[in-house]
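The values are calculated or read from the model by the stated rules, or taken from the named source; none is laboratory data. Source: prediction; values computed, not measured. Heads up, the Cβs are rebuilt from the backbone with ideal geometry, glycines too, and the neighbour counts pull from every protein chain shown.
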Amino acid sequence: MSTQKLYLTSFSEMQGTAQITYIQYGDKPFVRLDRTLFHPQGGGQKADKGTISGVSVVHVDQSNDEVNHYLETVESFTVGQQVEMKVDETWRLINGKYHLAGHLIASLMENIFPGVQAMGGHHWPGEARIELTGNLPNIEEVNELLSAALTKAIDADLPVSICGDPFSNRSIAIGDFMAVPCGGTHPESLGVLGKVEITKLKIKKDKLRVSYRV
């Protein structure tokens, strides 16, 4: 049974109910639910944390189309039980900000420097980076122009919106920038980022890596 991924439809929904469809016992116990608000680790973003009926969710991952919620214990649960989900809002916001900042850097780089293309990103706090390829500019030019563009976009508090069917062809759009396919969680506008700092720029093997901190 596939898990309905409610986090794909809303940036702000953090609490809700679900039904347990499967329980895994053993050293790494987890439950599967008919629907979930918890974002699993993947797409360059860390997993959500929180609680399911008061029991701590220590990790979340995905197996095919099912989401596994790893818990401190599953002894109090039964298949078919209705449970209360509560996402850790502070942790969600931290990871959402890093993911959104990665999208913004990629969009700005492609806009400022024609011929540059974003290849992918890793949005973990302390490790965040975007990799780009194509007609790469020199590092000094990137540092100056990208930093200024980041400040301008954040000060403008551009909106962030979900485009397309959230369950089949979901994309994320920042202001008027081109929408990009994404299954992650993000704040609803850029203003919440406050400041995005470029911490390192490195070109190696025809790839530009932009490391950043929020």
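Okay, residues lined up against (1) under 16 Å from residue 9 (Cα atoms); (2) free of Cβ contacts under 8 Å to residues at least 24 places away in the same chain; (3) of a type outside the set (Gly, Ala, Ser); (4) not assigned by TED's automatic domain parsing to the domain that holds residue 107:
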residue: 128; (1), (2), (3), (4): no, no, no, no
residue: 157; (1), (2), (3), (4): no, no, yes, no
residue: 163; (1), (2), (3), (4): yes, yes, yes, no
residue: 173; (1), (2), (3), (4): yes, yes, no, no
residue: 177; (1), (2), (3), (4): no, no, yes, no
residue: 181; (1), (2), (3), (4): yes, yes, yes, no
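Any chance the range 133-144 includes a residue that's of a type in the set (S, T, N, Q), closer than 30 Å to residue 48 by Cβ and either surrounded by 20 or more Cβ atoms within 10 Å (Cβ to Cβ) or at pLDDT below 95 (or both)? Scanning the range 133-144, I find no residue that is of a type in the set (S, T, N, Q), closer than 30 Å to residue 48 by Cβ and either surrounded by 20 or more Cβ atoms within 10 Å (Cβ to Cβ) or at pLDDT below 95 (or both), so the answer is no.
Could you list, in sequence order, all residues of the range 121-174 that are assigned to a strand (DSSP E or B), among the aliphatic types (A, V, I, L, M) and over 15 Å from residue 110 (Cα atoms)? Selection gives 160, 162, 172.
Among the candidates 3, 36, 21, the residue that is of a type in the set (S, T, N, Q) and surrounded by fewer than 19 Cβ atoms within 10 Å (Cβ to Cβ) is uniquely 21.
Only a single item in (1) within 30 Å of residue 195 (Cβ to Cβ); (2) exposed (fewer than 15 other Cβ atoms within 10 Å of the Cβ); (3) among the aliphatic types (A, V, I, L, M) is not met by residue 79, and it is number (1). Would you say residue 109 is part of a strand (DSSP E or B), modelled with pLDDT of 95 or more and not β-branched (Val, Ile, Thr)? Answer is no for this residue. Of the residues examined, residue 112 is one that is over 18 Å from residue 186 (Cβ atoms), out of contact with any strand residue (DSSP E or B) (no Cβ under 7 Å at 6 or more places or on another chain) and hydrophobic (A, V, I, L, M, F, W, C).
Screening the range 66-76 for residues that are within 13 Å of residue 33 (Cβ to Cβ) and not hydroxyl-bearing (Ser, Thr, Tyr) and picking the one that is surrounded by the most Cβ atoms within 10 Å (Cβ to Cβ) gives 69.
Conditions tested, residue by residue: (1) within 18 Å of residue 183 (Cβ to Cβ); (2) hydroxyl-bearing (Ser, Thr, Tyr); (3) over 15 Å from the mean Cα position of the chain (by Cα).
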residue: 27; (1), (2), (3): no, no, yes
residue: 35; (1), (2), (3): yes, no, yes
residue: 41; (1), (2), (3): yes, no, no
residue: 61; (1), (2), (3): yes, no, no
residue: 64; (1), (2), (3): yes, no, yes
residue: 68; (1), (2), (3): yes, no, yes
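Looking at the range 175-196 only, could you name the residues that are assigned to a strand (DSSP E or B) and out of contact with any helix residue (DSSP H, G or I) (no Cβ under 8 Å at 6 or more places or on another chain)? Listed by number, the residues that qualify are 181, 189.
Screening the range 28-44 for residues that are of a type outside the set (A, V, I, L, M, F, W, C) and assigned to a strand (DSSP E or B) and picking the one that is nearest to residue 121 (Cα to Cα) gives 42.
Residue 98 - would you say it is at pLDDT 95 or above, in the same structural domain as residue 201 (by TED's automatic domain parsing) and either surrounded by fewer than 19 Cβ atoms within 10 Å (Cβ to Cβ) or at negative phi (or both)? Yes, satisfied. Checked against (1) more than 23 Å from residue 39 (Cα to Cα); (2) exposed (fewer than 15 other Cβ atoms within 10 Å of the Cβ), residue 113 passes all but a single condition, namely (2).
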